[in-house]
1. Any chance region 193-207 includes a residue that's assigned to a loop (DSSP other than H, G, I, E, B) and either of a type outside the set (S, T, N, Q) or in the same structural domain as residue 360 (by TED's automatic domain parsing) (or both)?
2. Among the listed residues 317, 370, identify the single one that is surrounded by fewer than 23 Cβ atoms within 10 Å (Cβ to Cβ) and out of contact with any Gly (no Cβ under 6 Å at 6 or more places or on another chain).
3. Within region 336-358, can one find any residue that is among the aromatic types (Phe, Trp, Tyr), within 22 Å of residue 249 (Cβ to Cβ), buried (at least 17 other Cβ atoms within 10 Å of the Cβ) and assigned by TED's automatic domain parsing to the domain that holds residue 383?
4. Looking only at region 93-108, count how many residues are surrounded by 22 or more Cβ atoms within 10 Å (Cβ to Cβ), at negative phi and in a helix (DSSP H, G or I).
5. Taking helices (runs of 4 or more DSSP H) that fall entirely within region 1-92, which contain at least 3 residues that are surrounded by 12 or more Cβ atoms within 10 Å (Cβ to Cβ) and not assigned by TED's automatic domain parsing to the domain that holds residue 362?
6. Among all residue pairs at least 6 apart or on different chains, which show Cβ distances below 9 Å where the first residue, located in region 29-51, is free of Cβ contacts under 8 Å to residues at least 24 places away in the same chain and the second is part of a strand (DSSP E or B)?
7. Looking at the structure I just gave you, is residue 180 in contact (Cβ under 8 Å) with a residue 24 or more places away in the chain, buried (at least 19 other Cβ atoms within 10 Å of the Cβ) and not in a strand (DSSP E or B)?
Amino acid sequence: MISEKMRKLTKNNSVIREMFEEGKRLEKIYGKENVFDFSLGNPNVPAPKEVKEAIIEILETEDTNFLHGYMSNSGYEDVREAIANNINAKQSTKFNYKNIIMTVGAASGLNIVLKSILNPKDEVIVFAPYFSEYNNYIENYDGIVEKVNPNLKDFMPNLEEFEKKINKKTKAVLINTPNNPTGVVYSEEVIIKLTNIMKKKEKEYNHEIYLISDEPYREIVYDEIKVPYVTKYYNNTIIVYSYSKSLSLPGERIGYVLIPNELKESEEMIEALTISNRIIGSVNAPSLIQRVIPYCLNSSVDIESYNRNRNLLYKIITENKLKCIKPQGAFYLFVKSPIEDDKEFCNIAKKYNLLFVPASSFGCSGYVRIAYCVSYEMIKKSEQAFKNLSKEFLN
């Protein structure tokens, strides 16, 4: 018999993955070219050429015992130093290798953070809509998810409700900007207001409240939008980052956690995170892909391809009388369902081989998430399916 905790988690299995599997089923029936799968945020833009070049050079030049051997659980020091220097150059910060812990992607990064900070019944505040796996991550360490309801006007954090919900049990606040699923980028004004509330509450309750910033989409932004670097606004900030999107490497599972020196007892936190890497079973981030990262720190995927997809899909959706805000970052459109039941809307869309994710799984019912990290040709070909879907609700 599986554990009670695991039984609960299996009941909450990812809706995103379920839709992805449904897409594969439909492809067998109708052919891959006739199924329009917008469910999974799996980058379709190729990794930069520097990734392949780096792998070849590393395999040909580095000592294999070193390359494939054990290392510090925090990762290679020279890799961490290169990442810290790159952040410093971009953000005018003063980090070094000690501030960086290499992780098996952002998911592993979030897990070692939560493992390190949560006691049973500690609360973590999230802003709806939010990435659905946050629930599982938090509850796995016996924490409690405290959801702030969505601001349906512009999907910036609902700060009025946030200030009311933050309390003496609050251990952390988890933000994600650019946001999955809305594509919204939290402005500097919003970050300042949010962190000012947190500073006030830290003093009121006389304990640290951590701000965890989950940033896998930091580089995927449009129209010269700037993403604030949160360590500049709040001392007890923890940055979680992944190269899955910026370098199109989701399957390589490589990222890091950054702990600024200003965070209270930062050295103890860094040690806890390093040990957590072992406890959750990752031990350390994969060695080869760690060695690749310094070669690619100034490389990026073709953002313009995502931007072209964004513009075309936004045009198709709005011309067919579906409502959504135009995303500033990431690669999702957050579309209002024309009926209250977003899951039923997704079921109806499947009649036209359109696959979306119901936003009730993101804590915001009545909407769907549409991932446009797909081929431009698929989006063009899906236009008639969107027209047919729209007609079903206009008639």
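The values are calculated or read from the model by the stated rules, or taken from the named source; none is laboratory data. Everything numeric here is computed off the predicted structure, so don't read it as measured data. Every residue, glycine as well, gets a Cβ built from its backbone with ideal geometry; the counts of neighbours run over all protein chains shown.
1. yes
2. 317
3. no
4. 3
5. Hits in region 1-92: 49-61, 77-91.
6. Filtered contacts from region 29-51: no entries.
7. Answer is yes for this residue.
Okay, residues lined up against (1) in a helix (DSSP H, G or I); (2) crowded, with 17+ Cβ neighbours inside 10 Å; (3) not assigned by TED's automatic domain parsing to the domain that holds residue 197:
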residue	(1), (2), (3)
239	no, yes, no
248	no, yes, no
264	no, no, no
278	yes, no, no
283	no, no, no
288	yes, no, no
